[in-house]
Structures are given as C-alpha cells and as structure tokens.
Amino acid sequence: MEIYHLSMECYPVAKVGGLADVVGALPKYQNKIEGIHAHVVMPWYNKPFVWDHDFEVVFDGIIHQNLQAFQVQVLRERSNVLGFELYLVKIPGLLDRDNPYGYWDESQQFLAFQHGTLHWLSAMGIRPDVLHCHDYHTGLVPFMIEHCPEFRFLKGVKTIGTIHNGEYQGEMRWEMLSYFPWVEDGYSLGLLDWAGNINPLAAMIKCCNAFNAVSGGYLEELFQSFRGLEGLVRQEHAKAYGIINGIDTEVWNPQTDDFLDVNYNINNARGGKWKNKTSLCKEYGLNPDLPLFAFIGRFAGEKGADLLPDIIINSIQQTNGGLNIMVLGSGDFYLENRLRELDFTFVNFALDLGYKEFLSHKIYASADFLLMPSRVEPCGLNQMYAMRYGTIPIVRYTGGLRDTVRDITTGGGGLNFTHPGSDDAVHAMHRAMEFFYNGEYMSMLIHTNMSYDFSWEKSAENYIELYKK
C-alpha cells in the first residue's frame, strides 16, 4: 500500500506545533508494518535540515495560478534518514520561504502546494493508494482530484483528512477561485462553499472518503463545537473517526536523549530528574528544592496561555514563594511583554521566549509538573512527552487530554481540572504540591507515568485499518 502524507510541517524539517511531530513520526512507524510504504510531501523551506542533507530533483514542471506561470520543482531526500521518503515541493516566490506560516498570501501559498503536488503526481504517473491530507492546508486535495480535469489520472484515489485543529479552517474569498486549477463542472463548486466563503476544511470533510480527529474525545467535541461546522460533521458522521496520536519514543526517550544533562530510565528516574532539575534551576536562577511547574507551548487562547499571568501571580503569592514556574513559548505580543514584566518581578519565575527543541526536552526531564490549562486540545502531545519523562501533567479535562490523562483520584497519574480559568488551575497546583512533599507517593507517580505506552505502533495500525476500510 502506497501512502502519501501531505502536510505543511514535518519534524525535524520545519516545526511550528504538534502537526510536525505527528507527520514526522506516523509515516516512520507505518513503514514498519509489512506491505506499507509511507511517504511525506511538504513545501521546501529555507531551513538547516534542507541545507544539511542531500536532495535530488525528481521533477521540474509548470503550474498556472491567476494567469501566472510558476515553476514547480520536487526534490527527494536521498538517504531516507527520517525513516520514509521525503519530498519537498519548491515554487520560487511561494514555496521557498523561511517559515510555514505568517505571510499575507498564505491562501495562494497553500493552494500552490496542493496544485504543485498533484501536478507532479499526475505528470509522473504516480498513483498512490491513499492521499492522507493533514489539516486545512491540504484540505482541497480531495476536491481537486475529483473535479479538476488536470488531475484526471488521480480521480478515484482514496483520500483521508485528519483534523489536527479545527479552530483553523483556511476560509478565503471566492475571488481566490482564479488561483485554482480549472474546475470542469461548475455545479461542484458548492462543495467548496461554507457560509459564503471557500472553506478548505469544510471541503475536505465533504469530499474525502473518511476523516478523523486526533482523539476520540476531540471528535465528540467537534459535534458540539466546531466554529460553525457542527452541522456538517454531524451530517458526515458515517465517515468520521477518532484516532489518538502517539509520540516517537525513539526521539522522546530519557535514557538516550542527547539534549539532557543526565540520562535516566524508569528505575533511576527520581535521581535522574533531580540532577537535570538542579542543572536547569542553576541556569535560570531557581531553587531546585521547590516544586517546579512548567508550561511549554504557543501563547494562544486555545492553549489557555492568557491565563498564565494570573496563574503565576496567584500561585506564587498564595504559597509565599513556595514553588517555581518556568515558561517556554512565544506568540501573542501582549502576553510576551506581560510575562517579561513578571520575569523581572518574581525570582520564582523563569521565562524563555521562542521555541527551542533542546530546551523543551530539558524542561520535560527537569520539571515536577507540566501545566496545560487548554481551552481546546485536539490531542495534545506535551502531556505524553511529560509522562514519558516522569513529569506529572496538570491538565484541563478536554479533548485529547481526557483520553490520555486520568486524575490521581481515579487511579491515573495526573491532575485534572474542569473549568478553563486560573483559579481552577491554581487549585490543582496546590493539590500537586501535597504530592510533591510525599516522596514515596511522588516516586510512585513518576513510575506510573513512565510505564504508560504512548508509542505510535498502535495508532499507526489504527490508521492502516482506516485506509483499508
């Protein structure tokens, strides 16, 4: 079975969020299953990975958008160093940039990626068994292969759409239709429409053979809250599935992780975490004897990042400075400045702005607790990374966090709270501190969390079963 994953991100080539981690791991684990050949297609980026590895040009062609001609090159990484064939689509002026997102012409950029990819596959006679489309950036592919004559060769290829985050749907005005490849049957344009705009995520749900959310809990929530698409997902419920993400246990392994100061395993985790914690606290001026709470992620409302200032102030004041908090992330400009102010105000708070892969590993290995006050969390990978490294997750009971983190009181290894507010989060932190000072119980929680299996093997098999259906 030939599977082509289409995505804007893939770790370690280009990463903004969890999408990159999924696309960088799922195909690798699928390729371990007999008879499966998974590939990844993504845009070319001006990134170190691209310059540090050997690529060959396997296709050179032309596409047209709005009466403009664009060169399309497809480059293949020669060594399959990631465990799968990696293809980069390069289009000068559109797909040759430093980063995946943040440009004024994103809609044209994403359209060009989908158009260029399908043009390459059609021109070279490559007919996959499955085109796996990740998020709205590739959500128009199922429509295009059925209704654009240019891709008649691909008509009938099975398509799977994965919703990693339904908050982003890629809506665009109908004027953007001039950037599409020619659509033969005008009546089919209704498949692109939702609420008077072209909506790529809605089009994906309408046109794909099956779609899935990245956890069963998140799929349930989409039926009730989906930024206006609730009715659509209910209508298409027969082809809806929930498949929980996994994590790459080869990359995320405290026993072999090169980013850590001290490696450890489940048998010596308490001592290994302490050594990493003392090193990290020394670097950031924190007291290692106090419980260390950490937040890692984008400063976005869906992540509950706007609650951080109140969480920091209230938790430090209510405990008389009896805890440490560390934040790694970036995003909202106002929030960044507010956190900078708190970094100067509180000796118990440490801030590192931006995203640093090596530092995230060190924090997971060093922190006692991980904060995830998410309003929306389709799956969440951070809590799985944390548990893999023996860190106790404190999560809002929503989406994929419901599926992966059970509260200590129900036999699990984490702490849940219900409402997306700072008061509930701080209350959960007070509960956590009680466990922190019970050394025997804390050791048991660390052991419990490191025993969970969040690897991709089972999830990869679930996707294969979905393809076969």
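The values are calculated or read from the model by the stated rules, or taken from the named source; none is laboratory data. Given the structure is predicted, the values throughout are model-derived calculations rather than measurements. Using ideal geometry, Cβ is built from the backbone for each residue, glycine included, and neighbour counts are taken over all protein chains shown.
Taking the numbered list (1) modelled with pLDDT of 95 or more; (2) charged (D, E, K, R); (3) surrounded by fewer than 19 Cβ atoms within 10 Å (Cβ to Cβ) in turn, Asp332 passes all entries but (1). Here the condition is being within 23 Å of Thr418 (Cα to Cα) and of a type in the set (Ser, Thr, Tyr); of Ser360, Ser330, Ser366, Ser315, it holds for Ser315 alone. Just the residues that are among the hydrophobic types (A, V, I, L, M, F, W, C) and part of a helix (DSSP H, G or I), please, taken from the range 125-150. Residues satisfying the conditions are Val141, Phe143, Met144, Ile145.
Results for (1) within 15 Å of the chain's Cα centre (by Cα); (2) surrounded by 20 or more Cβ atoms within 10 Å (Cβ to Cβ); (3) outside any loop (DSSP other than H, G, I, E, B); (4) in contact (Cβ under 8 Å) with a residue 40 or more places away in the chain, shown as yes or no for each residue.
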{"position": "Tyr4", "(1), (2), (3), (4)": "no, yes, yes, yes"}
{"position": "Met8", "(1), (2), (3), (4)": "yes, yes, no, yes"}
{"position": "Ala25", "(1), (2), (3), (4)": "yes, yes, yes, yes"}
{"position": "His39", "(1), (2), (3), (4)": "no, yes, yes, yes"}
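State which residue is farthest from Ala425 (Cα to Cα) when the search covers only the range 341-395 and only residues that are aromatic (Phe, Trp, Tyr) and in a helix (DSSP H, G or I). This residue is Phe358.
Among the residues making up the range 396-442, those that are at pLDDT below 95, of a type in the set (Gly, Ala, Ser) and in a helix (DSSP H, G or I) are Gly399, Gly400, Gly439. State whether one or more residues within the range 318-330 are outside any strand (DSSP E or B) and within 20 Å of Leu219 (Cα to Cα). Checked against the condition, which is being outside any strand (DSSP E or B) and within 20 Å of Leu219 (Cα to Cα), the range 318-330 yields no hits at all.
Scanning the range 227-258 for residues that are farther than 20 Å from Gln30 by Cβ, in contact (Cβ under 8 Å) with a residue 40 or more places away in the chain and touching a Leu at 6+ places or on another chain (Cβ under 8 Å) returns Leu229, Pro254.
Scanning the range 94-107 for residues that are touching a strand residue (DSSP E or B) at 6+ places or on another chain (Cβ under 9 Å), outside any strand (DSSP E or B), of a type in the set (S, T, N, Q) and under 21 Å from Pro142 (Cα atoms) turns up at least one hit.
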